Amino acid sequence: MADSEQSTIDGSLEAIAETGVDIVPLVYECYFATTPAALEHFGIAPGDELPIWAGHMINELLLCLISDDEADLRSRAFAVTTTHCGKGIDSGLYRSLCECVVQVVADLSGDAFGAAQRQAWGARVDRLMALVDVELAAEQAWSRPRPLPA
Ligand code: HEM
């Protein structure tokens, strides 16, 4: 991965940190507005309080997106799909959550979020989703009903 991509990501993180805003509620606001089908996985209705683990989840997602270590990212992506295995969470639900993180970063960054930032964060979402999709395909292959051996 290019150093310039990492420094662009780091710059966005600094910009957000400077605002002092907690991104977690903003990410979920975006997520449930754009992806209402996700609500059933959280066991809540619109406007309800978020489950206790919801903040940890966004923290982990952010760590996946900002990771500059390939091995670290691979193990995190593997852990994510293992944690969520069997819950019927499809690729689109994962991507949409990632895109909301990027949207919130963009909103909080204001004019500092330009083409370079959009490109860098988009590449990070694609990088994570490529790994998640491999794990989801493996999960599907395992869960497909197979005939018993004769
Ligand atoms: C790459 C994206 C994601 C990451 C990094 C992630 C990460 C995590 C982590 C670390 C936890 C454990 C939290 C804790 O116990 O403290 C968790 C739990 C959970 N996540 Fe995610 N998650 C992602 C996407 C999603 C999506 C798209 C959904 C559903 C639409 C979802 C639904 C859940 C649920 C229901 C739990 C609770 C699991 C349980 O304890 O039964 N996650 N997630």
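Taking 4.7 Å between C-beta atoms as the pairing limit, the chain has these partnerless cysteines: Cys64, Cys85, Cys98. Taking every C-alpha pair closer than 8 Å and separated by at least 6 residues, the mean separation divided by the residue count of the chain gives a relative contact order of 38 percent. Judged by the mean number of other Cβ atoms found within 10 Å, the most tightly packed of the peptides 133-139, 97-103 leads the ranking 97-103, 133-139. Rounded to the nearest 20, the size of the Cβ-charge dipole of the chain about its Cα centre is 740 debye, with Lys and Arg at +1 and Asp and Glu at -1. Protection proxy ranking, highest mean first, for peptides 43-52, 3-12: 3-12, 43-52, where packing is the per-residue count of other beta-carbon atoms within 10 Å, averaged.
Read the figures in this text as sums done on the coordinates, not as results from a lab. Here the structure is a predicted model, which is why all the values come from computation and not from measurement. When we count neighbours, we look across all protein chains shown, and the Cβ atoms used for this are built from the backbone with ideal geometry, even at glycine.
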